[in-house]
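> Take this structure first; my questions come after.
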Amino acid sequence: MVNDDESSAPIKPQTTLSLVSVLAEPARITPRATAVVEGAEQVDYGELWEQVRAHAAALRARGVEPGDRVAIVAPNVIDFVRAYYAVLTAGAVVVPVPLLLVPDEAAYLLRNSGAKLVIGHTSQLALAAESARRAGIPLVSVGSGGPSQDAPPSLSAEAADAEPVRAFETRSPEDPAVIFYTSGTTGRPKGAVLTHLNLVMNATVNAFDANDTRSEDLVLGCLPLFHVFGQTVSLNTTFRAGATLVLQPKFDPAEALRLIRDHRITQLNGVPTMYIRMLEAAGDDAEVPSLRMCVSGGAALPVAVLERFQRRFGAPIHEGYGLSETSPTATVNQPAFGPRAGTVGHALWGIDVEVAEPSVEDRIELLPAGEVGEIVVRGHNVFAGYLDDPEATAAAVVDGWFRTGDMGTKDAEGYVSIVDRKKDLIIRNGYNIYPREVEELLIRHPAVAQCAVIGLPDPGRGEEVCAVVVPERGEEPDEALGKAITAWAAEQTAHHKYPRRVVFVDELPLGPSHKVLKRELRSRIGTAG
């Protein structure tokens, strides 16, 4: 008998997805395989999954419910991994806190995200406790450390006494999984909301379509896990492939070389400054450790550095591109297409990357191949929007495309090249100058170890090109060297592009993700006159 009552309409099945599956699946399939290593501690997938479920039970006992936001203040340690997946297992949303923030900045993230609880590693309790106090949010600790009268409750101890939850909480693919805060180059940082679908898909295509990560790989986890690059490409991608992650709590180039040698690391993910510092640390050592594959992202990798590293370490570097808002990977040089130095490769599977007219803001006008414009992205990696900021979201996502703010090109073969950030463009005497082009040139000078090119206000020309240089060891950073670099550059490039001013520094200012902070250089050097 057919019931025509409207109430008998078919029920649509609920689709579920959780980022914690990237850990739960290898724990089910290869429970005895090593998941993560930190110092002398080594944990296999089965053991790690049990520990995560116990931590999730402890979070539930503390009242953490699905949809709640939980902040994590921790370095690259196994306790970060346990806390991260425990929050997801409980159905809550992770809010990673960069460790270079001061308490007032961290407290803003806690308040803005609506965090219900802060999990602080014992090595970071000064930052975690003070920021939690200012935000008025409870704090628990993970990790070992001597008990003290002022120590917060230990989630690690509570997990040790808890009965692990049987399974993770089901979530919708569009539910938030992690909230990453942007660097805040203009005003306060914005919370980029990434969904379970965003992060599961990005880890999956990175592992199996783009980076050729294999279950037998050992991946060096030197990128900060509080950052989207380290979280997706190192942590989630490694676990998605069932490989092993070897953690380095804080990046040090000499220690990184030792870890690569001792553990026979096969894959390295890093930002350009890491590759530069590892080359410096390797020095003239005849026996540098070998690698199978490297991935670079987070900032432009100078071609000269790529070439030197590949010769020295015998492994290709696959440069990629992405942002917090794109989970992060949008493009990468992939084995299927063949790497091309100076580009960031092709769009990942299921993702479109194009170039649009930058001056048109209310719609997307795509440009022909080869023309310079603003990089725009659409696909499963594009975020759900900025937390509680519909105006910023509407400005960033237009006609279904995310406007990156980066200038670049896409050639007829689909290779994408990043020219520079729109805001970093230098206009001198009416001519557009892209700092990356000048940086690519200067890094080839034998006296230049690192450099950043910025524009400084100039009353006659609008802006003047300034090179901020870290000299090679043994070079005297004086006026004569500055003039020599300027004269050399003038012979290598167009008249309007070469730097008229060279400023020497001991080191370039870096953000939490090891990206050069050009806004700080402009402020510091511009103020100094």
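> Please list, in order, the residues from segment 304-323 whose amide nitrogen is less than 18 Å from a point placed 7 Å along the Cα→Cβ vector of R292.
313-319
> Follow-up question, since we're still on this one. Quick check on my link table: of K190/K423; K410/K515; K190/K250; K116/K423, which ones sit more than 27 Å apart, alpha carbon to alpha carbon?
K116/K423
> Based only on other Cβ atoms within 10 Å, what is the fewest-to-most ordering of D506, D420?
Going from least to most buried by this count: D506, D420.
> What number, in percent, do you get for the relative contact order of the chain if the mean sequence gap of Cα pairs under 8 Å and at least 6 apart is divided by its residue count?
About 10 percent, as a whole number.
> What nm distance separates the two modelled labels at A484 and D362, each placed 7 Å from Cα along Cα→Cβ?
5.7
> Continuing with this model, one more query. Using Cα atoms only, what is the angle between the long axis of helix 253-263 and the major principal axis of the chain, expressed in degrees (0 to 90) to the nearest 10?
The answer is roughly 50 degrees.
> Quick check: pseudo-label points 7 Å beyond the Cα along Cα→Cβ at T493 and R258, how many nm apart are they?
Rounded to a tenth, the inter-label distance reads 3.9 nm.
> Out of the GluC sites (Glu not before Pro) in segment 279-368, which ones are loop residues according to DSSP with at most 15 other C-beta atoms within 10 Å?
Sparse-neighbourhood loop GluC sites (Glu not before Pro): E287, E361, E365.
> Hey, of (1) 25.2; (2) 26.6; (3) 29.6, which did the structure itself give for mean projected area of the Cα convex hull in nm² when calculated?
Of the labelled values, this structure produces (3).
> Can you figure out the FRET efficiency of D506 with R28, using R₀ = 51 Å and their beta-carbon distance, to the nearest 0.05?
Here the calculated transfer efficiency is 0.50.
> Turning to a different aspect of this structure: Taking the Cα centre as origin and putting +1 on Lys and Arg beta-carbons and -1 on Asp and Glu beta-carbons, what dipole magnitude results for the chain, to the nearest 20 debye?
500
> Which trypsin sites (Lys or Arg not before Pro) in segment 158-219 sit in a loop by DSSP (not H, G, I, E or B) and have at most 10 other Cβ atoms within 10 Å of their own Cβ?
In loop regions of segment 158-219 (DSSP not H, G, I, E or B), the sparsely surrounded trypsin sites (Lys or Arg not before Pro) are R166.
> May I pose another question? Run the quick spin-label model on I11 and E371: label points 7 Å from Cα toward the beta carbon, then report their separation in nm to one decimal.
Between I11 and E371, the simple spin-label model gives 5.3 nm.
> With charges set only on the Cβ (+1 for Lys and Arg, -1 for Asp and Glu), what does the dipole of segment 21-196 come to about its Cα centre, in debye to the nearest 20?
The calculated dipole for segment 21-196 is roughly 460 debye.
> Determine which residues of segment 292-307 fall in the zone a paramagnetic label at R214 would reach in this model, i.e. backbone nitrogen under 17 Å from the point 7 Å along Cα→Cβ.
Residues passing the 17 Å test: 292-295.
> Still on this structure: Neighbouring Cβ atoms within 10 Å as the yardstick, rank Y275, Y498, Y321 fewest first.
Ascending Cβ contact count within 10 Å gives the list Y498, Y275, Y321.
> Could you calculate the FRET efficiency of E163 with E437 from 1/(1 + (r/R0)^6), where r is the beta carbon distance between them and R0 is 60 Å, rounded to 0.05?
0.50
> Nearest 0.05, what FRET efficiency do E472 and E130 give at R0 = 35 Å with Cβ-Cβ as r?
Efficiency at R0 = 35 Å is approximately 0.30.
> Within segment 306-363, report the trypsin sites (Lys or Arg not before Pro) that DSSP leaves as loop and that have at most 13 other Cβ atoms within 10 Å.
Passing sites in segment 306-363 are R363.
> What is the helix-to-structure angle for 272-282, meaning the angle in degrees between its Cα long axis and the longest Cα principal axis of the chain, kept from 0 to 90 and rounded to the nearest 10?
80
> I'd like the distance between the alpha-carbon centres of segment 211-243 and segment 87-153, rounded to an integer number of Å.
24
Every read-out reported here was derived from the displayed coordinates using simple, explicitly stated rules and does not represent laboratory data. The model shown is predicted, which means the values in this text are computed figures rather than measured ones. Neighbour counts are summed over all protein chains in view; Cβ atoms, including those assigned to glycine, are modelled from backbone coordinates with ideal geometry.
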